[in-house]
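Contents: one structure, followed by commentary.
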There are 4 protein chains.
Amino acid sequence: MAKKVTIGIIGAGRIGKIHADNLLRLPQVQITAVSDLFAGPELIEWASERGIAKVTKDSSDIINDPSIDAIFICSSTDTHVPLIKEAAKAGKHVFCEKPLSMDIGRTEEAVQAAEEAGIKLQIGFNRRFDHNFKRVREHVLIGSVGTPHIVKITSRDPNPPHEDYIRVSGGIFMDMMIHDFDMARYLTGSEVTEVYAQGGVLIDPVFGKYGDVDTAIVTLRFENGALGVIDNSRQAAYGYDQRVEVFGSKGSVAAGNDHPNTTEVSSAEGVTRDKPLHFFLERYNEAYIDETRQFIACLADGQPLPVTGEDGVKAEMIALAAKLSHQLGRPIKLSEAAQLKREAEGMESHV
Amino acid sequence: MAKKVTIGIIGAGRIGKIHADNLLRLPQVQITAVSDLFAGPELIEWASERGIAKVTKDSSDIINDPSIDAIFICSSTDTHVPLIKEAAKAGKHVFCEKPLSMDIGRTEEAVQAAEEAGIKLQIGFNRRFDHNFKRVREHVLIGSVGTPHIVKITSRDPNPPHEDYIRVSGGIFMDMMIHDFDMARYLTGSEVTEVYAQGGVLIDPVFGKYGDVDTAIVTLRFENGALGVIDNSRQAAYGYDQRVEVFGSKGSVAAGNDHPNTTEVSSAEGVTRDKPLHFFLERYNEAYIDETRQFIACLADGQPLPVTGEDGVKAEMIALAAKLSHQLGRPIKLSEAAQLKREAEGMESHV
Amino acid sequence: MAKKVTIGIIGAGRIGKIHADNLLRLPQVQITAVSDLFAGPELIEWASERGIAKVTKDSSDIINDPSIDAIFICSSTDTHVPLIKEAAKAGKHVFCEKPLSMDIGRTEEAVQAAEEAGIKLQIGFNRRFDHNFKRVREHVLIGSVGTPHIVKITSRDPNPPHEDYIRVSGGIFMDMMIHDFDMARYLTGSEVTEVYAQGGVLIDPVFGKYGDVDTAIVTLRFENGALGVIDNSRQAAYGYDQRVEVFGSKGSVAAGNDHPNTTEVSSAEGVTRDKPLHFFLERYNEAYIDETRQFIACLADGQPLPVTGEDGVKAEMIALAAKLSHQLGRPIKLSEAAQLKREAEGMESHV
Amino acid sequence: MAKKVTIGIIGAGRIGKIHADNLLRLPQVQITAVSDLFAGPELIEWASERGIAKVTKDSSDIINDPSIDAIFICSSTDTHVPLIKEAAKAGKHVFCEKPLSMDIGRTEEAVQAAEEAGIKLQIGFNRRFDHNFKRVREHVLIGSVGTPHIVKITSRDPNPPHEDYIRVSGGIFMDMMIHDFDMARYLTGSEVTEVYAQGGVLIDPVFGKYGDVDTAIVTLRFENGALGVIDNSRQAAYGYDQRVEVFGSKGSVAAGNDHPNTTEVSSAEGVTRDKPLHFFLERYNEAYIDETRQFIACLADGQPLPVTGEDGVKAEMIALAAKLSHQLGRPIKLSEAAQLKREAEGMESHV
C-alpha cells in the first residue's frame, strides 16, 4: 500500500467531522490531530473513538506539527485566510472550505501565498463531485450538446438558516450562490464576464434586516458568448432543489434532483412520489467523500487538484459582482474588477 | 380527390356514434344510413345534424342498400356473425367490433363467409393503433430489443361494468382480456401455443354470481419460445392502466400510461402528478380515429387490412383457452383446439 | 341547438386555415367567407371543400358583410390595427393573432376602438389554453404553491425561421418571447414592473444582420414582488421545448414537454425515449381548438373573453421594455412606459 | 457506548468480505476471526488491514471460539446446514446467506436446531432492506393501496453466471427467484398457497444442459386471495432490473430501478439517460449495510430479527413448488408440501 498521508483537522464543527469520517474511510489516510476553539470532553471522546491522538484548542499546534502533511480548514470563514497563510509558511497542503474570505483582496493574498509556497490548495466546492453534475460536465466535454448557449442552475435550500448565521453569512450571493457560480464555470469551462442580479425578501423579513435577500435570480454572460441564469431560494417546502441544464447547438443535458427512492403511489388522488433528498448532507454525501478522496489522491501522485485556489477567487469575484449588481441595480462587468475590489473594500469597511 | 366511400352504420350506441364521427372527419367518406333496434327521434336528430339521410330499425335496409360500400357493425355481440354473413352475401366490406362471437365455431364460419365472398373484414382491435403500442411494435420490428423473450401486458379498467353487462359479457377473458391477447400477438408477431389462467373475485361478489372473475393473471407461451403474462383488473382506483413491455436479447421496450398533462406539484407532502387518462374513450381516442382511417384507406387502395378476421379468431381461441384453463385449473395448449371447441360448445350449451 | 355564429376569415395562410378547420368542428359555427390578398384557385377549392361560399381578395367584403358576426384576423401583423378599427366600426367581434402591432401607440388605439365600439376582441395567445399550462395556472389559483416567488419559462423553437421572416419579425422579444411575457402574466396573475434582457447571436449570424438575437434570457420583476426568468432559443436540436415552473412559499408546480408517446427503450447504451413533439402545430393543436371554442362560447353567452386586447397591450409593453433593455444594456422599468413609447416611436421611425 | 458484539466470518469470498466491511462500519462490532477453506497470504493481509486477528482454514476454530458472539456464514450452500447446527450447539447467533440448503428437510432441521438452542438466525434476504422495496412495504402497511390484489415482481440479471456456477446453482427457482419469493411474502404479508412456473432456455443452451432454464415466469396465489407474478431473466442487456408493484383496492404502489444519476440528454435522436445500476453490488449496497446493522441491533436489544429461519424455509418451499411445477407442467399447491418434500427427495437423489 502507498505511504500514509497524515492529516490535521482545524475546526470540528459539523463539516469538519464529516470530512474526518470520510477521510478515515481511505486506507492511506491517518488523522493525527484535531483543533477546535471549543474543544472539550465531547471532542476528546469523538477523537478517541477514531484513534485521533491529539486534541487542541490551538490551530498552531496542528500547523506546526512536523508529522502532518496536510490540513483541512473547517473553521469559520474569517479564519481561512490567516490559516492558509500560516499553513503555506509551514509547507502544509490545504483543503479549505468555501469561501476563502469575504474580501477578494485577502482571498488573492491567500492564494498567492499558497502558490509561492508551492503547497496544494483545494477549495471545498463539493458539488463538482456530485454524480449528476459530473455526468452533465462529461456530456459537455464529449460534445453531447455541442457549443453551450444557455446554462441554467436552480439551487434552493429547504430551510433558511438561523438569524445568527444570516448576520455573518456575507449575503446570499457570497454564502449560497457562490456554489452555483463555481458550478457555472465548471459546467461550461468558460469564464463569466458580466452579471446582473435581482433579489427580493419574500420569505422572512429578517434577511432584509441585514441588507440581504432570500430569493434571487442572477443572469450571467460568459466569455464564449453563452448566457446563464441561476435562481436561489432560502426555502423550498419540498426540500433541497439542485438542478442544472446546459443547452447548446446539438441539444441539452439536464440533471434533476435525487430522491430517497423510486417508489410511486397511484391512487384516486393522483400519482405521488417522495420529495427530493432533504438537504446537502443527504444529497452531497457521496460528493463529500469523493472530494476528499481526490484531494488525497492528488497529494499522493502530484496531479493537479480538481478545484484550485484560483477557482475560489473566480467564484468570489462573480459573487462580489452579483452583490454589487443587486446594490446598484445594473449589470456589472467582471472586467470592472479592480474597481470592484476597491468599491468592495469601501463597502465592506462600512458594513 | 379520390372517389367517396359510402358507409352504413349498424348499431348506434356509444361506439357506433364514435365511429360515425371519426369517419365524418375523413373527406372521402360519406355515411348514408344508420340502423338501430331502438331508433327514435333522438337518433333521427343525431343523423340529421350529420347529414345522414336514412335512419332505420332494420339492419337489412342497410346491408341491401346498393349504394353502400361498407358496413360498420357496432351492434351487440350476438348479432355480429349473422350480420357478417349477410353482408358477405351482399358483397359489402365490414368493420366489426370485437369479439365476433362467444363461439369459435360460429366465428370461424363468419370469417370463412367473408373470405369466400372476397369482402374485407376488419376487427375492432383499436389498441393496435395506439401511439404508444405502435411505437413498441416498431421497436420490436426494427430489432431494438433483439429476440423477444418476455412480454408483459397490464390492462386495468377504472370501474367495473354494470351487472347487466357482466351477465352477458362472456367473462373477463373473452370480454376484456381478448384485447390483450390480440396485443400479445401484435407485439411479438408470434402465435400463442399455451396459456394458464388464474383468477379471483376480489372486487365485487357479483362477478362470482355469474361464474366470472374480476381479477386475473394469464401466462402465455409463444411459438417462438417467448413467454408472456397479462394481468387484468376490473377496478383501478387511479384510472385506466394500459402498459406493455417487450423484453428481449438486446434490451427492453416499454410503454407507460398517458396522462392528461405533464404538470407536477412538489410540496412538503411529496411530488404529485395527475393520474392517467380516465378510460378508453380518452386513452384510445386517436386510436379509434386511426383504425377507421386505415380501414377506409385499405378499401381505397386494396391493401391488406391491419386487423383481419383471422386475428379475431386467434384472439378468441386464446380467450377460450384461458377460460378453460381457469375452469380446469391447468395449463391449456392451443393445439387442443378442436377438442377445446367441442368442450366449449358443450360448456356453452349448459351456461 | 343555439343559434349559429357566422364567421369570416381574413388571411388564409397556415394559421388562418387551422383556425377555420377548428371552427368547423364546432356545430354552432358557420364560416361564410374567406379573404386573402393572394386568393386563387387553390383557395377556392379549399373553401369549396368546406362549404365556404365566398372567397375574396378584399377584406372589406368580409368586414362589411352584414351576415357575418365575427372576424378572424390572420393576415400579416401590419394589417391588424387597421382591420380591427374597421371591424370595430362595422360592429364585428374580432379574434386577432398576436402581436396587434409593433407600435404600442397604434396597438392601444386599436384596443380603444374595440372598447368604444363595444365589440369583443380576443388575442391569439394560444398557450393559455395548453393542457399543461392551464393545470399549472389552476394549481397557482388554488394555492398549491402558496405565494409565487419565482417563475421560470423555457421556450425554444426547433428551427430558426427563414431570413425573409426574420427581417420583418420585429425581433425575438416582440415575435417569439411575447408569448412568454403573456404566459408570465397568466401564470402569476401579477403585472411585470421591470425587465432586464440579455441576448446573443449564437446560432446564425443572419439574426445579427437585422439587429436581432437568436438566444435570449430575460429576467422579470412582478408587482407582487415575485421574480421571473424566461429563456428563448431559435433552435433546439431536440424539438420544441416549452416548459414552465412556478415556485412559491408552499412548493413548486412545473410542466414539462409533451412527447409523441411514452415508449422507452432500455438497451446496453442507456434508456431512450422519443424527443418532444416537434413544433407548435403538434404541441398546441388542442390549444388552438380550445381558444376558438372559448371565443365562440363567449360570443354566445356574453361572458368575458379569456384573453383581451388589454392582455395584448401588456405583453407588447413588456416586449418593448425587453427590447430596449437589450439595446441599452440596463434594466427597464415598465413605469417608464410613456417615455418608452416615445423612445420606441423614435426608434421605430429609424428602423 | 453499548458493549461490543464479537463476530466471526466463515467464508471469505466476495459476499463474506462485503459483510465484513459493512460490519466494521458499526462502532459496536468487532470482528476477531475469519475462516476460509482456501485461506492464504492474500486473506491474511486482508484481515490484517482490518485488524482481524485470527485467520483459519477450519470453521470450527471460529464456532468454538468462546469470545465470539455471532457468526456470519458466507461459505458454499452445502455447508450452511451443518454450520448452523454446529453454531446452535455452540450457542452462537447466526447470520446465514440464502438458501439454507437445496433440501427442505435439511433446511427445516437447521431452523429447528436454531430454535431449540435459542440462538437467533437471520437469513440473507438483503432485498427486504432496499430503500425502494421498504417504501413499497410501508405503503402496503399503512393502507395506501388498500387490500392487495396483484403483486408483480421483475428481477433480471445483467449477465448469466459461469457454467461452473450454473451446474451447482440449484436452478433458477432456488438460486435466483428465491429472492423474489421472499419479496412476494414480504410485500403482501401473506403466504403463497399455489404456484405455476413456466420457463425457457432462450439465452444460452448451457442452462438446458443442466436441466435449468434462463428465463421464467411464475404465477402465485396467496392465502388472502391475491394473485402474483414474477419474471426472471439471466441476461438483461441494460443491466440489473429490479422492480415491484403491488396493486390493490385503493390503487397501486410501484418501485422502479435505481440509476447512477438523473442526467438526461436531449438531442436530435431522442432523450436518453444512463441505464440502471449495473448489478446487485451497486443496487443493494445500502441494503447489505442495513441488514447487518439490523442484525447487530437485534442481538443487542433482543428484538425479533427482521428475517427469520422460518422465512428461509417458506421461500425454499415456494422455490421447490415452482421447480416441480416447471417439471410437471402443472400448478402446484403449497399444501402438497409433505408430498412435495418426499417427491423432492426422490428427485434430488436422482439428480
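Provide a single number: the residues in the stretch B:39-54 that are assigned to a loop (DSSP other than H, G, I, E, B) and either within 14 Å of another protein chain (Cβ to nearest Cβ) or of a type in the set (D, E) (or both). Don't jump to the end; show me each part of the working.
Filtering the stretch B:39-54 down to residues assigned to a loop (DSSP other than H, G, I, E, B) leaves B:39-40, B:50-53.
Within this subset, residues satisfying the condition of being either within 14 Å of another protein chain (Cβ to nearest Cβ) or of a type in the set (D, E) (or both) are B:50-51.
Total meeting the criteria: 2.
State yes or no: is C:Q112 of a type outside the set (D, E, K, R), in a helix (DSSP H, G or I) and in contact with a Gly (Cβ under 9 Å, 6 or more places away or on another chain)? It would help to see each step written out before you state the result.
Working: of a type outside the set (D, E, K, R): yes; in a helix (DSSP H, G or I): yes; in contact with a Gly (Cβ under 9 Å, 6 or more places away or on another chain): yes.
It is true that C:Q112 is of a type outside the set (D, E, K, R), in a helix (DSSP H, G or I) and in contact with a Gly (Cβ under 9 Å, 6 or more places away or on another chain).
Can we say A:V111 is in the same structural domain as A:L187 (by TED's automatic domain parsing) and among the aliphatic types (A, V, I, L, M)?
On the way: in the same structural domain as A:L187 (by TED's automatic domain parsing): no; among the aliphatic types (A, V, I, L, M): yes.
Criteria not met by A:V111.
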When the stretch A:278-293 is checked residue by residue, the ones that are out of contact with any strand residue (DSSP E or B) (no Cβ under 8 Å at 6 or more places or on another chain), assigned to a helix (DSSP H, G or I) and farther than 20 Å from A:S169 by Cα are A:E282, A:N285, A:E286, A:A287, A:Y288, A:I289, A:D290, A:R293
Residue match in the stretch A:131-140 (condition: part of a loop (DSSP other than H, G, I, E, B), in the same structural domain as A:E223 (by TED's automatic domain parsing) and modelled with pLDDT of 95 or more): no
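For the stretch D:225-240, which positions are more than 14 Å from chain C (Cβ to nearest Cβ) and either at pLDDT below 95 or in a strand (DSSP E or B) (or both)?
Of all residues in the stretch D:225-240, those more than 14 Å from chain C (Cβ to nearest Cβ) come to D:225-232, D:234.
Within the stretch D:225-240, D:L227, D:G228, D:V229, D:I230, D:D231, D:N232 qualify.
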How many residues, within the stretch D:129-157, are within 14 Å of chain A (Cβ to nearest Cβ), buried (at least 18 other Cβ atoms within 10 Å of the Cβ) and farther than 12 Å from D:A255 by Cα? 7
With the checklist (1) within 19 Å of D:I178 (Cβ to Cβ); (2) within 14 Å of chain A (Cβ to nearest Cβ); (3) acidic (D, E) in hand, flag the one item D:E282 doesn't pass. (1)
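Does the stretch A:107-123 contain any residue that is touching a Pro at 6+ places or on another chain (Cβ under 8 Å) and closer than 30 Å to A:G256 by Cα?
Yes, that holds for at least one residue.
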Within the stretch A:193-212, the residues that are within 12 Å of chain C (Cβ to nearest Cβ) and β-branched (V, I, T) are A:T193, A:V195, A:V201, A:I203
Determine whether the stretch A:292-303 contains at least one residue that is in the same structural domain as A:K152 (by TED's automatic domain parsing), surrounded by fewer than 22 Cβ atoms within 10 Å (Cβ to Cβ), without any contact (Cβ under 8 Å) to a residue 40 or more places away in the chain and not small (G, A, S). no
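In the stretch A:54-109, how many residues are of a type in the set (K, R), out of contact with any Gly (no Cβ under 7 Å at 6 or more places or on another chain) and under 23 Å from A:D21 (Cβ atoms)?
Number satisfying all stated conditions: 3.
For the stretch C:241-276, name all the residues that are assigned to a strand (DSSP E or B), within 7 Å of chain B (Cβ to nearest Cβ) and polar (S, T, N, Q). Show your work before the answer.
Filtering the stretch C:241-276 for residues assigned to a strand (DSSP E or B) gives C:241-248, C:251-255, C:263-267, C:270-273.
Going one step further and asking which of them are within 7 Å of chain B (Cβ to nearest Cβ), we end up with C:251-255, C:263-267.
The answer is C:S252, C:T263, C:S266, C:S267.
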Could you figure out which of (1) within 22 Å of B:L24 (Cβ to Cβ); (2) under 22 Å from the mean Cα position of the chain (by Cα) isn't true of C:T32? (2)
Among the residues of the stretch D:55-78, count how many are assigned to a helix (DSSP H, G or I), touching a Leu at 6+ places or on another chain (Cβ under 9 Å) and modelled with pLDDT of 95 or more. 2
So which residues in the stretch C:73-117 are surrounded by 23 or more Cβ atoms within 10 Å (Cβ to Cβ) and free of Cβ contacts under 8 Å to residues at least 12 places away in the same chain, if there are any at all? none
Single residue of D:G211, D:G239 found to be among the small types (G, A, S) and in contact with a Pro (Cβ under 9 Å, 6 or more places away or on another chain): D:G239
Residues (under 16 Å from A:D78 (Cβ atoms) and assigned to a helix (DSSP H, G or I)) located in the stretch A:167-177: A:R167, A:V168, A:M174, A:D175
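What's the total number of residues in the stretch A:305-323 that are in a helix (DSSP H, G or I) and either among the acidic types (D, E) or surrounded by 22 or more Cβ atoms within 10 Å (Cβ to Cβ) (or both)?
We begin by selecting, within the stretch A:305-323, every residue in a helix (DSSP H, G or I); these are A:309-323.
Applying the additional criterion that residues be either among the acidic types (D, E) or surrounded by 22 or more Cβ atoms within 10 Å (Cβ to Cβ) (or both) yields A:309-312, A:315-323.
Number of matching residues: 13.
Being within 18 Å of the chain's Cα centre (by Cα) and of a type in the set (G, A, S) narrows it down to one of A:A12, A:A70, A:A39, so name that one.
Numbers: A:A70 fails: within 18 Å of the chain's Cα centre (by Cα); A:A39 fails: within 18 Å of the chain's Cα centre (by Cα).
Matching residue, one of A:A12, A:A70, A:A39: A:A12.
Can we say A:T6 is in contact (Cβ under 8 Å) with a residue 24 or more places away in the chain and closer than 21 Å to A:A117 by Cβ? Talk me through it step by step, then tell me what you get.
Working: in contact (Cβ under 8 Å) with a residue 24 or more places away in the chain: yes; closer than 21 Å to A:A117 by Cβ: yes.
Yes, satisfied.
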Residue that is farthest from B:T272 (Cα to Cα), among those in the stretch C:120-167 that are of a type in the set (V, I, T) and in contact with a helix residue (DSSP H, G or I) (Cβ under 8 Å, 6 or more places away or on another chain): C:I166
Give C:D258, C:D214 a once-over and let me know the one that is buried (at least 24 other Cβ atoms within 10 Å of the Cβ) and not polar (S, T, N, Q). C:D214
I'd like the full set of residues that are buried (at least 19 other Cβ atoms within 10 Å of the Cβ), out of contact with any Lys or Arg (no Cβ under 8 Å at 6 or more places or on another chain) and among the charged types (D, E, K, R), limited to the stretch B:262-291. B:R273, B:K275, B:R283, B:D290
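Does B:S190 meet the test of being crowded, with 17+ Cβ neighbours inside 10 Å, within 14 Å of another protein chain (Cβ to nearest Cβ) and touching a His at 6+ places or on another chain (Cβ under 9 Å)? Please lay out each step first, then the result.
Values: crowded, with 17+ Cβ neighbours inside 10 Å: yes; within 14 Å of another protein chain (Cβ to nearest Cβ): yes; touching a His at 6+ places or on another chain (Cβ under 9 Å): no.
No, not satisfied.
Say we look at the stretch C:19-41 and pick out the residues that are more than 19 Å from C:A300 (Cα to Cα) and among the charged types (D, E, K, R); which of these is surrounded by the fewest Cβ atoms within 10 Å (Cβ to Cβ)?
Going residue by residue through the stretch C:19-41, those that are more than 19 Å from C:A300 (Cα to Cα) are C:21, C:33-41.
With among the charged types (D, E, K, R) added as a condition, the list becomes C:21, C:36.
Working: C:D21: 15, C:D36: 22.
Taking the candidates together, the pick is C:D21.
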Among the residues of the stretch D:200-213, is any touching a His at 6+ places or on another chain (Cβ under 7 Å), part of a strand (DSSP E or B) and either of a type outside the set (A, V, I, L, M, F, W, C) or within 27 Å of B:H326 (Cβ to Cβ) (or both)? no
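The values are calculated or read from the model by the stated rules, or taken from the named source; none is laboratory data. Because the structure is a prediction, the values reported are computed rather than measured. Heads up, the Cβs are rebuilt from the backbone with ideal geometry, glycines too, and the neighbour counts pull from every protein chain shown.
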